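Undergrad: Please read through the structure below; I'll follow up with questions.
Please treat every number below as a calculation from the coordinates, not as lab data. None of these values were measured; they are calculated from a predicted model. Virtual Cβ from ideal backbone geometry, glycine too; neighbours counted across all protein chains shown.
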């Protein structure tokens, strides 16, 4: 018997996954969570063999949740099942330590087999996924290196929602200087809008 907790904020998705996995008599769904906090609580209480984790849910960052699970409940194996297959999400979760990362378009038979393989100790991150992570890390490392410390400070404040005037006041610099730095930030990150720049900051710098 393989015990599983499903974590997904969409009830229809949870029901579909539940029905799929229930077709295998060896797979037993022992809990369902609609957010990260519930997922953590269920892992703590039930100690499942598998945590099947969606990424876009309320609560703690999925990568932080995975690190918590790996540290405190190493017997629970996390597999990501998500509609979000961007390199940034893949890299974040692979670095956090998940054993597999699957798109929701995966065939049901493939997912069921993957669960069995994971419980047997197999690492299910593919070579293609490893290459994607490597390329993403190299690309973003180069961008981070191009940014000056002041530009990182400004980008972090942009990510917190401050406008140019508020950033200038926060850092004690002239408004024109802030605008100059933001122009340079966009060039170095190869983005064309403030929204794209703050999205990059959220994914790569955090709010620190």
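Undergrad: Which residue fluctuates the most in the chain, going by a Gaussian network model with Cα springs under 10 Å, if the choices are 47, 160, 14?
TA: 160
Undergrad: Do you know the relative contact order of the stretch 2-135, to the nearest whole percent, from alpha carbon pairs under 8 angstrom that are 6+ apart? Display every interim value, and only then the final one.
TA: Details: 220 pairs, mean separation 28.7, N = 134.
Across the stretch 2-135, relative contact order equals 21 percent.
Undergrad: A follow-up question, please. How long are the three semi-axes of the equivalent ellipsoid for the stretch 1-74, computed from the Cα gyration tensor as the root of 5 times each eigenvalue, in whole Å, largest first?
TA: Details: eigenvalues 75, 47, 14 Å².
With the √(5λ) rule applied to the stretch 1-74, the semi-axes are 19, 15, 8 Å.
Undergrad: Length gain on complete extension for the stretch residue 13 to residue 84, per 0.36 nm per residue less the alpha carbon to alpha carbon distance? Write out the running numbers ahead of the final one.
TA: Values: separation 71, 0.36 × 71 = 25.56 nm, distance 1.41 nm.
Gain on extension, residue 13 to residue 84, equals 24.1 nm.
Undergrad: Could you work out Rg/(2.2 N^0.38 Å) for the stretch 2-135, with Rg from alpha carbons only? Don't skip to the end; give the middle numbers.
TA: Numbers: Rg = 13.4 Å, N = 134, 2.2 N^0.38 = 14.1 Å.
Normalised by 2.2 N^0.38 Å, the Cα Rg of the stretch 2-135 equals 0.95.
Undergrad: For the chain, set up a Gaussian network in which alpha carbons nearer than 10 Å are linked by springs, and say which option among 58, 48, 25 fluctuates the most.
TA: The residue with the greatest mean-square fluctuation here is 25.
Undergrad: Pop a pseudo-label 7 angstrom from the Cα along the beta-carbon direction at both residue 68 and residue 134 and give the gap in nm to one decimal.
TA: It works out to 3.3 nm between the two label points.
Undergrad: Sorted by average packing, counted as other Cβ atoms within 10 angstrom per residue and highest first, what order do 161-167, 121-127 take? It would help to have the intermediate numbers written out before the result.
TA: Values: 161-167: 14.3, 121-127: 11.9.
The most tightly packed comes first, giving 161-167, 121-127.
Undergrad: Here's a follow-up. Suppose R0 equals 35 Å. What FRET efficiency, 1/(1 + (r/R0)^6) with r the Cβ-Cβ distance, do residue 28 and residue 195 give to the nearest 0.05? Before the final figure, lay out the partial values.
TA: Working: r = 44 Å, r/R0 = 1.25.
Here the calculated transfer efficiency is 0.20.
Undergrad: Next question, about the same structure. Which angle from 0 to 90°, rounded to the nearest 10, does the C-alpha axis of helix 36-46 make with the longest principal axis of the chain?
TA: Between helix and principal axis, roughly 30 degrees.
Undergrad: Between residue 120 and residue 37, what's the calculated FRET efficiency when r is the beta-carbon distance and R0 is 30 Å? Round to 0.05.
TA: Details: r = 30 Å, r/R0 = 1.01.
So the FRET efficiency works out to roughly 0.50.
Undergrad: Among the DSSP beta bridges whose two residues both lie in the chain, what percent are antiparallel, rounded to the nearest 5?
TA: Antiparallel bridges: around 0 percent, rounded to the nearest 5.
Undergrad: Something else about it: If you fit an axis through the alpha-carbon atoms of helix 194-204 and take the longest principal axis of the Cα set of the chain, what angle between them do you get, 0 to 90°, nearest 10?
TA: Between the helix axis and the principal axis of the chain, the angle is about 50 degrees.
Undergrad: In Å and from the alpha-carbon atoms only, list the Rg and Dmax of the stretch 110-185.
TA: Expressed in Å, the Cα Rg and Dmax of the stretch 110-185 come to 20.9, 60.
Undergrad: Let me ask another. What FRET efficiency do you get for residue 173 and residue 56 if R0 is 45 Å and r is their Cβ-Cβ distance, rounded to the nearest 0.05?
TA: Numbers: r = 36 Å, r/R0 = 0.80.
So, using R0 = 45 Å, E works out to roughly 0.80.
Undergrad: Quick check: the angle from helix 62-72's long axis to the longest principal axis of the chain, C-alpha only, nearest 10 degrees?
TA: Around 60 degrees separate the two axes.
Undergrad: Put a dot 7 Å past each Cα toward the Cβ at residue 109 and residue 3; how far apart are the dots in nm?
TA: 3.1
Undergrad: Which residue fluctuates most in the GNM of the chain (Cα springs below 10 Å): 61, 70, 107?
TA: Among 61, 70, 107, the largest mean-square fluctuation in the Gaussian network model of the chain belongs to 107.
Undergrad: Where does the chain land at 222 nm, in deg cm²/dmol rounded to the nearest 500, when only DSSP H runs of n ≥ 4 count, each adding -39500 (n - 2.57), divided by all residues?
TA: -18000 deg cm²/dmol
Undergrad: Let me ask something else about it. If you take all C-alpha pairs in the stretch 147-204, what percent of them are over 17 Å apart?
TA: On the way: 410 of 1653 pairs.
Beyond 17 Å sits 25 percent of the P(r) for the stretch 147-204.
Undergrad: To continue, here is another question. Quick check on the exposure proxy: order 191, 106, 133 from fewest to most C-beta atoms within 10 angstrom. Could the numbers behind the result be given before it?
TA: Numbers: 191 16, 106 11, 133 20.
Arranged by neighbour count, lowest to highest, 191, 106, 133 become 106, 191, 133.
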